[in-house]
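Have a look at the structure below before the remarks.
Taken together, the values in this text are just the output of simple stated rules run on the coordinates, not laboratory data. Only a predicted model underlies this, so the values are computations on that prediction, with no experimental measurement involved. Backbone-built Cβ (ideal geometry, glycine too); neighbour counts: all protein chains shown.
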């Protein structure tokens with residue numbers, strides 16, 4: 001029984017040793033073409049997604065600039081309208097003051 005156990009232990013040790021050797025050899029090996037191609041494809045897909053995001057960002061920035069210009073124009077129109085109304089009010093106040101003065 002001891003001999004059988006020793007043979008069994010030897011065979012088992014040899015299998016473990018071979019497994020470890022294959023594991024080490026596999027780690028030192030450069031990546032395979034299939035894996036490399038997969039990584040290249042993923043890189044290209046990420047590049048495309050990045051390009052799409054950049055274009056969307058530029059479009060968003062242009063739209064934001066357009067809106068800022070629109071707000072500026074509306075503010076200028078608003079200020080001009082306020083100035084016009086203030087002038088009309090001053091003119092009306094002057095007319096009212098003239099009407100309240102007794103005729104000479």
Cα→Cβ-extended label distance, 7 Å offset, between residue 59 and residue 98, nm: 5.9 nm
Cβ-derived FRET efficiency at R0 41 Å, residue 73 paired with residue 39, nearest 0.05: 0.20
Cα-based Rg / Dmax (Å) for the stretch 33-104: 31.1, 108
